[in-house]
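A quick write-up on the structure given underneath.
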Amino acid sequence: MTASTMQAHSTPAPASAAQAAPKATASWRGWLAQRPSAFTLALIVLVCLGVGAINPGFFQLPVLFDIVRACTVLGLFALGVLIVLAAGGIDVSFAAVAALTMYSITKLVLNYFPEAPIALLLAAGAVSGAVLGVFNGLLVHWLKAPSLIVTIGTQYLYRGILLTFVGTVFFMNVPAPMDAFGKLALWRFDTAQGLHVVLPATVLVLAGAAVLTWWLLNRTLIGRAVYAIGGSLAIAERLGYNLRTVHIFVFMYAGFLSGLAGIVHVSSTRLANPFDLVGNELDVIAAVILGGARITGGSGTVGGTLLGVVLVTLINNVLILAGVPSTWQKVIIGAFILVAGACFAIRKQG
């Protein structure tokens, strides 16, 4: 066999290897495109391993319970933002809705209905938040303005109403039913070091909200309409979806969860502070985006959103165990969002 013949026979081998690499890359992109929350899960594992390697005390049940407790209110907010983002909008008024709801209801109950049951207070918070959310939805639909601008306006409106007409005094003693709900435990025990550890029952509210949101998005016609409108408004209109109904629904649902979050927050902290909750907006939106939802709408899952909430909570609460200064928390969240954005762009190209 001559040298030229050998070259002719050996030429296809490098070509096959060169073709295999793009196929592997395309396969990886396709896998990531189907499972965007896998990236968030990988970041969570990375953070846990990093913090645990520096401080082995991280891998203890009390720390896990603290993370779950810290996820509750943030998770309720994030589920509401998820459904608005999936419809192609954005809501930054949820913290103001929660603050107005929780403080007004606490003040009303303290003055007139001190023995009202917690179930009634949760329902009152949810309904009050939903009413404020409907107002957001109507404004977004009537004004035909970007929901970001509308909800910035209503955020200031709700905050102004709260501080001007409702009150600015802290309530250090919340109503007895709220206090009892905040102390209610699913599981409690004492560690060998004498530490009293509690898994609060308030996490059930987040669990119920997650199941309800998943069901709405995946098993109902309104859930299909949310994704359809978020994917393409023009196509959704041609398909006959009622835009007004969807706009009102998504903002009403975000308000509904915000009202619940407000009552849960007061019960957990046993303090009604009208200045609480405001300032968490970017953390919540970051959690939803890290969970795989696109800011342009049409995507996002409940599971991914909860993973994003866990990741942001980890960064905000446990990095100090690894000796990372609190001032670096925002830097790390921002870096993760940029990395996630790059990965999502790659998956889109794939």
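The values are calculated or read from the model by the stated rules, or taken from the named source; none is laboratory data. Everything quoted here is computed from the prediction, not taken from an experiment. Reconstructed Cβ throughout: ideal geometry from the backbone, glycine too, with neighbour counts over all protein chains shown. We work out accessible area using only protein heavy atoms, side chains counted, and drop any ligands, DNA or RNA first. Shrake-Rupley method; radii C 1.70, N 1.55, O 1.52, S 1.80 Å.
Worth pointing out:
- Here PHE275 meets the list (1) in a loop (DSSP other than H, G, I, E, B); (2) modelled with pLDDT of 90 or more; (3) open to solvent by less than 20 Å² (accessible area, probe 1.4 Å); (4) not hydroxyl-bearing (Ser, Thr, Tyr) almost entirely, failing just condition (3).
- In region 285-304, the residues that are open to solvent by less than 10 Å² (accessible area, probe 1.4 Å) reach residues that are among the polar types (S, T, N, Q) and in a loop (DSSP other than H, G, I, E, B) with C-beta atoms within less than 6 angstrom, at least six apart or across chains, in these pairs: ALA293/SER299.
- Among the residues of region 305-328, just one is buried (at least 18 other Cβ atoms within 10 Å of the Cβ) and either charged (D, E, K, R) or not in a helix (DSSP H, G or I) (or both), namely VAL318.
- Whichever residue in region 29-61 is β-branched (Val, Ile, Thr) and open to solvent by 30 Å² or more (accessible area, probe 1.4 Å) and, among such residues, is modelled with the highest pLDDT: VAL45
- Selection count, region 110-154, where residues are over 22 Å from ALA201 (Cβ atoms), buried (at least 21 other Cβ atoms within 10 Å of the Cβ) and of a type outside the set (Ser, Thr, Tyr): 7
- Failed criterion for ASP179 (all others in (1) in contact with a Leu (Cβ under 9 Å, 6 or more places away or on another chain); (2) part of a helix (DSSP H, G or I); (3) surrounded by 14 or more Cβ atoms within 10 Å (Cβ to Cβ) hold): (1)
- Residue in region 78-91 that is open to solvent by 10 Å² or more (accessible area, probe 1.4 Å), of a type in the set (Val, Ile, Thr), in a helix (DSSP H, G or I) and more than 12 Å from ALA261 (Cα to Cα) present: no
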